[in-house]
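Everything on this sheet refers to the single structure shown next.
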Amino acid sequence: MGDTVSVFGMQFVGFALPLVAIKVLHADELQMGILAALETLAFLLIGLPAGAWVDRWRKKRVIVLGDLSRATLLLTIPLAFLAGVLSMWMLYVVAFAVGCITVFFDVANQSYLPEIVEGEQISEGNSKLQASQQTAFVAGPAAASALVRLIGGPFTIAVTAACMALSSLFVSRIRHVEERPSAVDRPPLLVQIREGLSFVLGHDLLRRIVMCTGIGNFANSAASALYFLYALRVLGLTEVSLGVLMSVAGVGGLVGAVGADRFARTVGEGRAIPVAGLAIALTSFAWPLASMLPPLPVLFIGGFILSWAVVTYNVVQVSFRQRLCPKPLLGRMNASIRFLVWGPMPIGAFIGGFLGRELGILPTLWLMCGVALLASVPVVFSPLIRMRELPTHLDALSGSMEEESVDEARPERS
């Protein structure tokens, strides 16, 4: 429940913050790119040490304090608006600060699930977690668009702060007793960071997943920095239609969350990753195509399939790496992957904003669709496409890749 409420709140701020920049502060393409870049810049700057630090702390405490801190920061936006001092620079500072806290929050949140469920239940747990999050993705944008029209963008962000505070209350009431991480023989911080990176980069399948996700996130961030400007100024959509569009996409994600396990069993757990990865790349073309075709039908269908593919991809590959990783290394592993796959996002967002101003919004979207297609190559042309099952332990992953272990990485029989 706490995670759902928190995600619901983030849907509000994700919808309202760009609208505040565009409608209240009249931001241009480059300013929107900078704002989007600052939201994820922290993953590039502190993503690696965050994992080592989180492994030293109780995950539940990090999650609770993270929600409370983000709520406090976001509350400054409506207060500044009331005082008449709201500016783009203030949005930049709040976006960056919230992003820094989100680094720790996300690493702890993703590392907490294996603490409270058994190994064989991790995939089911991730599906349920994704389903609850996608419920927020379905209802959040539509509710946010209605709130923006009713009370305005700045005060919609105040509702986000309330959601964060409520989320922290729910999480604090979880009864699971988390053991305090041992400080005995703890290696230095740089050694711990290197351990996390070595685990991720030391295995072929994880490297391919990281390459696909990192390049895809670069392209998506570059395009996403321009989405609100494109929808409102180029396609002529209203805030309400944009909110409904995002909610329809959330339905696709909910279908993906509920059906990810069944889809993986049907096509093969290994093959599900490249199939979903390719679907993400192909459906990204829906946004620029909407300028040539009736926009709402194209974006409804494209957004639904895209969200289904993203969630399916995430459930399968996140469950794979959580099963594979030793528990003491989970925080560092998750942080290393977040650094590698989220690190390109602020760079992509800034480049997207810059190219949007210099080349135009539509040419930039077409260019990023090509990059998204390139992102699928590492997993489409890989051993994953032949794997019925994914490895469940390190020996099968590192020692049997060439021969594809019959027990752990069995290819589908033809």
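The values are calculated or read from the model by the stated rules, or taken from the named source; none is laboratory data. No experiment lies behind these values; they were computed from the predicted model shown. Here Cβ is always computed from backbone atoms with ideal geometry, including for glycine, and neighbour counts include all displayed protein chains.
Quick check: is even one residue across the range 72-81 of a type in the set (Phe, Trp, Tyr), over 30 Å from residue 188 (Cβ atoms) and crowded, with 23+ Cβ neighbours inside 10 Å? No, every residue in the range 72-81 fails to be of a type in the set (Phe, Trp, Tyr), over 30 Å from residue 188 (Cβ atoms) and crowded, with 23+ Cβ neighbours inside 10 Å. In the set 380, 371, only one residue is more than 22 Å from residue 44 (Cβ to Cβ) and surrounded by fewer than 20 Cβ atoms within 10 Å (Cβ to Cβ); that residue is 380. Tallying residues that are within 18 Å of residue 286 (Cβ to Cβ) and either in contact with a Lys or Arg (Cβ under 8 Å, 6 or more places away or on another chain) or among the small types (Gly, Ala, Ser) (or both) within the range 220-266 yields 15.
Consider the range 383-403 and keep the residues that are crowded, with 18+ Cβ neighbours inside 10 Å and assigned to a loop (DSSP other than H, G, I, E, B). The one that is modelled with the lowest pLDDT is 391.
Kindly indicate whether residue 377 is modelled with pLDDT of 90 or more, hydrophobic (A, V, I, L, M, F, W, C) and farther than 26 Å from residue 247 by Cα. Here the answer is yes, as residue 377 does meet what is asked. When we screen 264, 260, 276 for residues that are aliphatic (A, V, I, L, M), more than 25 Å from residue 144 (Cβ to Cβ), more than 20 Å from the chain's Cα centre (by Cα) and part of a helix (DSSP H, G or I), the only hit is 264. Residues in the range 343-360 that are surrounded by 24 or more Cβ atoms within 10 Å (Cβ to Cβ) and either hydrophobic (A, V, I, L, M, F, W, C) or modelled with pLDDT under 85 (or both): 2 in all.
Only one of the numbered conditions (1) touching a helix residue (DSSP H, G or I) at 6+ places or on another chain (Cβ under 9 Å); (2) surrounded by fewer than 23 Cβ atoms within 10 Å (Cβ to Cβ); (3) assigned to a helix (DSSP H, G or I) is violated by residue 86, and that is (3). Taking the range 207-241 as the range and being under 14 Å from the mean Cα position of the chain (by Cα) and of a type in the set (Gly, Ala, Ser) as the test, the residues that pass are 214, 216, 219, 221, 224.
Every residue, every condition in (1) modelled with pLDDT of 75 or more; (2) in contact with a His (Cβ under 8 Å, 6 or more places away or on another chain); (3) in a helix (DSSP H, G or I); (4) over 17 Å from residue 242 (Cα atoms), yes or no:
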site	(1), (2), (3), (4)
3	no, no, yes, yes
8	no, no, yes, no
14	yes, no, yes, no
27	yes, no, no, yes
37	yes, no, yes, yes
46	yes, no, yes, yes
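Scanning the range 257-269 for residues that are modelled with pLDDT under 85 and not hydrophobic (A, V, I, L, M, F, W, C), we see that the one that is nearest to residue 315 (Cα to Cα) is 261. Taking the range 59-114, which residues are of a type in the set (S, T, N, Q) and at pLDDT 90 or above? Across the range 59-114, the qualifying residues are 69, 72, 76, 87. Of the residues 28, 67, 55, which is more than 21 Å from residue 169 (Cβ to Cβ) and surrounded by 20 or more Cβ atoms within 10 Å (Cβ to Cβ)? Result: 55 is the single residue among 28, 67, 55 that is more than 21 Å from residue 169 (Cβ to Cβ) and surrounded by 20 or more Cβ atoms within 10 Å (Cβ to Cβ).
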